[in-house]
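Working notes, beginning with the structure itself.
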Amino acid sequence: MQDATVIGPYNLTGILGSGAMGVIYSASHARTGQVAAVKTVLKQEASKLSQIRREIHALASLDHPGIVKILDYGESNSQPWYAMEWLEGSTLRDLIHTRWGEHKRRSKTRRQHFSIDEGPESTVNLTMDPLLDDLLDDPTDGQNTPFPVGAKAAAGQLIESLSLIQRVCETLSFLHGEGLVHRDLKPDNIFIRKDGLPVLVDFGLAADARGTIGREQITAMHRAAGSPAYMPPEQIRGEMLDARCDLYAIGCVLYNLVTGSPPFTGSEKQVTKGHLWRAPVPPTSVISDVPQGLNKLIMDLLAKDPDERMGYAENVAMVLESVGTNPLPWNLPLPKVRAYIYRSAFVGHKELMRATRDRLTDPLEGRGRCIMVAGESGAGKTRFALETASLALRRSMTVITGECLPGGRGDDDRDDHVHSAPLQPLRSFTEMVADYCIEHGREAQDEILGEHAALLGIHFPAIAKLPGIRDLPPPPPLPVDAARTRIFRAMRDCLNGFAAIQPILLILDDLQWADELTLGFVNFILDNALENMPILLLCTFRSEERTEEIDQLTGGALVSNLELTQLSVDEVQQMTSGMLALQQPPSEFIRFLAQRSSGNPFFIAEYLRCAVAAKVLVRDSYGRWTCAENGSLDSAVFEKLPLPQSLKQLIELRLSKLSRAARRLVDTAALVGRVFDLSLIQQVEWITEDKILDLVEELIRRQILEQSEDGRYRFLHDKIREIAESYLRDDEKSQLHGKIAIAFENAQSPDADIDHARLGRHWALAGEPERAAPHLGKAAHHAASIHAVSEAANLARAALREIRAIRARNLENEERWRREALGLYELLGDMHALQADYAKSRMAFAAADNEIRDEIITRTRLARKSGKTWEKEHKHEQALESYSQAEDVLEDNPDDSLEWRHEWIQIKLDRIWVFYWLAQVRDIEAELNEVRPFVETVGLPEHKYHYFMSLVNRNHRLHRYQVPDETLDYARQMLAAAEESNGPVEIAFAHFVYGFALLFADKLERAEAELFEARQACQRIGDVSGDARAAAYLTILYRRQGRIAETEAGARELLKIAQPQKMMDYVGVAYASLGWVAWKKGDGPGITQNNQMAWQAWRDLSFPHPFQWTAAFTELRLSLGWASTDKLMEIVHLLHNPPQMQLPDSINSVLAETIAAHGRGEQQDIRNLIEQALRAAEDLHYL
């Protein structure tokens, strides 16, 4: 924009200056001719624009003769700008040069001073990188200031200098009372008018210091901006700032005025280290006539710890006046200064913080860990996470924060609670990844997202917007469990890839509100390789809202569980001292606070704020806090005061102090949610942007709201939102929800992803079921499509409740709502089935059936699905009855349609599975014979696929996994049908089935090729279960070939895949294979240990695993020399009898003879026969 000639209504006439924060132009108003200085703010991302607009609006609302007047502001080409009054005069820097220039020319200094134009007095950005990290940890090499020899304090003009700074402090007192911090105070930014009065200018770094005592917001503070010569240590470290950072800068300015130089000089690095580590040389040590009171004031202001500095600008002004000043009078009346208190430093929980600090070393050394932080509401969980984030940034870690937001819960007695959008807490991570990919190009994008790009794009909008993502083919559908595992693997790999750039601290705040997929992902990474990822996962949750899912997470081996307890009396004293900038508050007052608050930090902060707002706690003429009633902080006095007795009453009192318009905004925002867009509230309330910004200023000043990093607004604590909502009447809520829903609909752009769940909830609470039901229904189907099963069930129930309300009114469009209800009941039944709640599933299918009029295919499908639920419960008779009902419906309504044939064939195939589990081979044969003509004549490839699969399974059951050529032929035809259907999932499984058949047909080389292809195909589509299945039988194959090293490697890989999926049949195979490896290596204890693990895994199954020979043969070999005959025969029976695989005849016949010998009591023959069976097993590589 430096080449522009016009900004807004101003014609630019020249450049006055430029710096890190923007460019300042001389300009004149096109219409009035008024001369002004126009400053542009550096171009920001869209999420920051609303924040910049509000901050400029806040500055424009300030009316104080000591603050430069903002005349106008706006945006030009999406770049914010503001116009300031034209000032005539000079800066304090000019004054210092003038006064001290002659002294410096006449006297020798102890060290060459840097150039003030290009040295540490310039405003810069200090990035949190390893160099700054070194500065933070290395106290060496900071230089003190060179001083002129023989000079007097302030170059002989001490009273004039202190008078000027007194006026600056009075201005700062007003600024801080309005909740703003300048953050870049230096002689350059203190302008002196021609009348001699100072004016603060250049608020490019001004920050809002409000919203600092309620519930903290975790933000990643990557940059420490300011002028190094005047920056306090906390600003260099990138920590949260308050008014005391300006007071440190005032100390530096005073030091410069009094001694002729800032407290630290040299290179930028030397100056920065000085602020962090070195004590400045006291002014009295280098300038002979500095008053002791002034010397003490300056040294107090330059304290490294903000809590040790003088706390308020007006106190500084008082001390300066006591030293001796004669300030010029202000030419305008001064506005009233608002009282304020500070955010406390983090207090208490030292042991917990020490443990957390130790855990931060883990990701730096490549180890992943998790910390679960519990505590009651207001206990300081988010502040604890914030402190951890600050420590992580100092160690050059990337900090990513995801906040779990409370969703629309409806009434407490309902079970259809709607949480925030699935995986919403992890969107901040994917947004950071997307930004990185945009900055570093397609190569970085491909490296981080890899094969998961299309899948991640489906779930995360930021990823979907990256180049080329929408053009990728979608991943093939998988069963729900496999699909969830696939997205979890994709997110894990993406997180791990991003962590490879820089170790990560991932914070998930308020986990008690997390959606099921977010909780599922946390559980997944705790079980899947977090140990080897450079990531520290920190989760917080309310202890009073602990859930079973959270309890499951806290028991992980990589998890450290911390609980924030009540603050002690000493810690309450420390917190109160920090908030009041009062080093020794009266002990009786502290005990009163501790008792009243029960040591809850949020309550303490609220109580102090309430006391200040109610003018119960005031500052006397010396700037000290005291009780307004009798001038003391005696607890007995406070006990008698009409202050709230509970946290609820405290918040109620604060809300009662709001203006009517501000309270209306709070009511609306409370119904929108914890976080909201201001533009939405503006649409609901129909007020101008300036008016709503004024109201926001009031709410921020009253500690109701704060602004998020993404430009949206949020309640400081959800308790404020909850209490505000509780005071609304039902009719008021209904009316507001309706307005909010309309605003949501109006705000949607044509290509935007509509939040149907949120919109539907607002319409429902507005009492508009006709408008609520479609949105809730769409949200339910979307949740089901991304495998958020619980969310889909909740949303379906909510939609059905609205449909019942519609139909109760006997309105028109009954047919529409009948069809909607039918679809939703079926969806609900599907979701309950996936949750293994089969009784509820059948109830939902029955409710769907009640909605049917003439949908024959749908009725058939519902009966068939009900049969599946019975089958899942191993209630085979009920399953067969349901399948018969489904078949009766079809046969009573014959049809030549493809849908009819599909359902009829599917019923037959489903019934075959029941007979398979019942081992009823004849029934399987009968069903196959009946279905064969249909499959051969009209069957689709998918029908053929399932038909030939049934034939393979029939033969496996019939022949106990002995594989004749017929079975191999069926498996080949199944693969051909899968390839004809072109379904990636079907093709992968068909390769496995064929490879499995080849394995037990002893065609091992061909089996290896097919099983390897099955693994590759499963990995391509992200089917972890299928990958584990193929890996299990590849491991058995390696063993059959006598390949010890490959067997061991395959078994260990199989454990890594199967254990997290709790696929205990394959876990057992892995341990059994390791037992075989131990036998081959002569490791007896290894055989025993691994076999025990295998038996345990198989005992946990609901069905007998048919390949237990993988452990039984090594067990038999190990036991033969010492075990009892009964023990040996137990293993022999296992190996020989159904449902175990029938072993080759040379083995099986000997096992049968052994059983016969045992029946005849021929003990010696038994051991000889067992030895013979073992040798046969060795010959055939079963042992």
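Cβ-Cβ below 6 Å, separation at least six or inter-chain, first residue in segment 573-594 and on the phi < 0 side of the Ramachandran plot and in contact (Cβ under 8 Å) with a residue 60 or more places away in the chain, second surrounded by fewer than 19 Cβ atoms within 10 Å (Cβ to Cβ) and charged (D, E, K, R): which pairs?
From residues that are on the phi < 0 side of the Ramachandran plot and in contact (Cβ under 8 Å) with a residue 60 or more places away in the chain, the pairs are Gly578/Asp307.
Of all the helices (runs of 4 or more DSSP H) wholly in segment 707-812, which have at least 1 residues that are farther than 30 Å from Arg609 by Cα and modelled with pLDDT of 90 or more?
Numbers: elements: 718-726, 730-747, 756-765, 769-785, 789-808.
Qualifying helices (runs of 4 or more DSSP H): 730-747, 756-765, 769-785, 789-808.
Within segment 240-259, track down each residue that is in a loop (DSSP other than H, G, I, E, B) and either touching a Leu at 6+ places or on another chain (Cβ under 9 Å) or aliphatic (A, V, I, L, M) (or both). It would help to see each step written out before you state the result.
We begin by selecting, within segment 240-259, every residue in a loop (DSSP other than H, G, I, E, B); these are 240-242.
Result: Met240, Leu241.
Let's see how each residue does on (1) buried (at least 17 other Cβ atoms within 10 Å of the Cβ); (2) at pLDDT 80 or above:
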| position | (1), (2) |
| --- | --- |
| Asn11 | no, yes |
| Met21 | yes, no |
| Ser28 | yes, yes |
| His64 | yes, yes |
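Mind checking which pairs have a first residue in segment 935-951 that is in contact (Cβ under 8 Å) with a residue 12 or more places away in the chain and in a helix (DSSP H, G or I) and a second that is surrounded by 17 or more Cβ atoms within 10 Å (Cβ to Cβ) and of a type in the set (D, E, K, R), Cβ under 6 Å, 6 or more apart or different chains?
Cβ pairs passing all conditions: Val935/Lys944; Val938/Arg901; Tyr945/Glu986.
All but one of (1) under 24 Å from Trp870 (Cα atoms); (2) without any contact (Cβ under 8 Å) to a residue 60 or more places away in the chain; (3) in contact with a helix residue (DSSP H, G or I) (Cβ under 8 Å, 6 or more places away or on another chain) hold for Ala919, so report the exception by its number.
So Ala919 meets the others, but not (2).
Within segment 301-350, track down each residue that is part of a helix (DSSP H, G or I), under 15 Å from Val168 (Cβ atoms) and in contact with a Lys or Arg (Cβ under 6 Å, 6 or more places away or on another chain).
If the condition is that a residue be part of a helix (DSSP H, G or I), under 15 Å from Val168 (Cβ atoms) and in contact with a Lys or Arg (Cβ under 6 Å, 6 or more places away or on another chain), then Leu301 is the only one that fits.
I need the full set of residues from segment 332-386 which are more than 18 Å from the chain's Cα centre (by Cα) and polar (S, T, N, Q), in order please.
Within segment 332-386, Ser344, Thr356, Thr361, Ser377 meet the criteria.
Would you check if there is a residue in segment 784-792 being under 16 Å from Ala764 (Cα atoms) and either buried (at least 20 other Cβ atoms within 10 Å of the Cβ) or of a type outside the set (Val, Ile, Thr) (or both)?
So far as segment 784-792 goes, no, none of its residues is under 16 Å from Ala764 (Cα atoms) and either buried (at least 20 other Cβ atoms within 10 Å of the Cβ) or of a type outside the set (Val, Ile, Thr) (or both).
State all residues of segment 312-334 that are small (Gly, Ala, Ser) and crowded, with 20+ Cβ neighbours inside 10 Å; if no residue qualifies, say none.
Passing the criteria: Ala313, Ala317.
Please name all residue pairs, on different chains or six or more residues apart, with Cβ atoms under 8 Å, provided the first residue is in segment 901-913 and is assigned to a helix (DSSP H, G or I) and the second residue is of a type in the set (Phe, Trp, Tyr) and surrounded by fewer than 21 Cβ atoms within 10 Å (Cβ to Cβ).
Short answer, once both residue conditions are applied: Arg901/Phe934; Trp904/Phe934; Ile905/Phe934.
Scan segment 869-876 and tell me whether some residue there is in contact with a Ser or Thr (Cβ under 8 Å, 6 or more places away or on another chain), among the aromatic types (Phe, Trp, Tyr) and part of a helix (DSSP H, G or I). Give the steps one after another, and end with the answer.
Filtering segment 869-876 for residues in contact with a Ser or Thr (Cβ under 8 Å, 6 or more places away or on another chain) gives 869-870, 874.
Pick out the ones that are also among the aromatic types (Phe, Trp, Tyr) and you get 870.
Those left that are additionally part of a helix (DSSP H, G or I): 870.
Within segment 869-876, one or more residues are in contact with a Ser or Thr (Cβ under 8 Å, 6 or more places away or on another chain), among the aromatic types (Phe, Trp, Tyr) and part of a helix (DSSP H, G or I).
Mind listing whichever residues of segment 80-109 are among the small types (Gly, Ala, Ser) and modelled with pLDDT of 80 or more?
Listed by number, the residues that qualify are Ala83, Gly89, Ser90.
Condition first: buried (at least 16 other Cβ atoms within 10 Å of the Cβ), farther than 18 Å from Val931 by Cα and among the aliphatic types (A, V, I, L, M). Can you find one or more residues in segment 883-891 that meet it?
No, segment 883-891 contains no residue that is buried (at least 16 other Cβ atoms within 10 Å of the Cβ), farther than 18 Å from Val931 by Cα and among the aliphatic types (A, V, I, L, M).
Any chance segment 1135-1153 includes a residue that's among the polar types (S, T, N, Q), part of a helix (DSSP H, G or I) and crowded, with 19+ Cβ neighbours inside 10 Å?
no
Those residues that are surrounded by 18 or more Cβ atoms within 10 Å (Cβ to Cβ) and assigned to a helix (DSSP H, G or I), I need them from segment 278-298; list them, please.
Pro283, Thr284, Val286, Leu294, Asn295, Leu297, Ile298
Name the single residue, out of those in segment 299-316 being among the aliphatic types (A, V, I, L, M) and under 11 Å from Leu247 (Cβ atoms), that is farthest from the chain's Cα centre (by Cα).
Val316
Which of the numbered conditions does Leu822 fail, given that it passes all the others? Conditions: (1) under 25 Å from the mean Cα position of the chain (by Cα); (2) over 30 Å from Arg542 (Cα atoms).
Of everything listed in (1) under 25 Å from the mean Cα position of the chain (by Cα); (2) over 30 Å from Arg542 (Cα atoms), Leu822 misses just condition (1).
Can Gly578 be described as assigned to a loop (DSSP other than H, G, I, E, B) and either within 30 Å of Asn528 (Cα to Cα) or at pLDDT 80 or above (or both)?
No.
How do the pairs read when you match residues in segment 970-991 that are over 22 Å from Ala1031 (Cα atoms) with residues anywhere that are of a type in the set (Lys, Arg) and in a helix (DSSP H, G or I), using Cβ under 7 Å and keeping only pairs 6 or more apart or on different chains?
Pairs that qualify, where the first residue is over 22 Å from Ala1031 (Cα atoms) and the partner is of a type in the set (Lys, Arg) and in a helix (DSSP H, G or I), are Ala977/Lys944.
Identify the residue in segment 73-88 that is touching a Leu at 6+ places or on another chain (Cβ under 9 Å) and in a strand (DSSP E or B) and, among all such residues, is surrounded by the most Cβ atoms within 10 Å (Cβ to Cβ).
Filtering first and then ranking leaves Tyr82.
Conditions first: (1) modelled with pLDDT under 95; (2) crowded, with 18+ Cβ neighbours inside 10 Å; (3) over 41 Å from the mean Cα position of the chain (by Cα). Gly983 passes all but one, so which condition is the exception?
(3)
Check Leu517, Leu506 and return the single one that is in the same structural domain as Glu403 (by TED's automatic domain parsing) and within 26 Å of Leu393 (Cα to Cα).
Leu506
Six or more apart or on different chains, Cβ atoms under 8 Å: show the pairs whose first residue is in segment 471-490 and farther than 12 Å from Cys1018 by Cβ and whose second is modelled with pLDDT of 85 or more and assigned to a loop (DSSP other than H, G, I, E, B).
Val480/His787; Ala483/Pro477; Ala483/His787; Arg484/His787; Ile487/Ile786; Ile487/His787
Select from segment 986-1003 the residues that are crowded, with 17+ Cβ neighbours inside 10 Å and not aromatic (Phe, Trp, Tyr) and list them in ascending order. Reasoning before the result, please.
Within segment 986-1003, the subset crowded, with 17+ Cβ neighbours inside 10 Å is 986-1001.
Residues satisfying the conditions are Glu986, Ile987, Ala988, Ala990, His991, Val993, Gly995, Ala997, Leu998, Leu999, Ala1001.
Determine whether segment 436-446 contains at least one residue that is in contact with a Gly (Cβ under 6 Å, 6 or more places away or on another chain), outside the structural domain of Ala741 (by TED's automatic domain parsing) and at pLDDT 90 or above.
no
With respect to Leu593, is the statement that it is outside the structural domain of Asp362 (by TED's automatic domain parsing), of a type in the set (A, V, I, L, M), within 18 Å of Cys627 (Cα to Cα) and in a loop (DSSP other than H, G, I, E, B) true?
Values: outside the structural domain of Asp362 (by TED's automatic domain parsing): yes; of a type in the set (A, V, I, L, M): yes; within 18 Å of Cys627 (Cα to Cα): yes; in a loop (DSSP other than H, G, I, E, B): no.
So Leu593 fails the test.
Quick one: what pairs do we get from segment 839-852, first residue over 9 Å from Glu826 (Cα atoms), second β-branched (Val, Ile, Thr) and surrounded by fewer than 23 Cβ atoms within 10 Å (Cβ to Cβ), C-beta under 8 Å, 6+ apart or different chains?
As it stands, the answer is Ile852/Thr858, since those pairs meet every condition given.
The values are calculated or read from the model by the stated rules, or taken from the named source; none is laboratory data. Keep in mind that what you see is a predicted model, and the values were worked out from it rather than measured. All Cβ positions, even for glycine, are placed from backbone atoms using ideal geometry, and neighbour counts span all protein chains on display.
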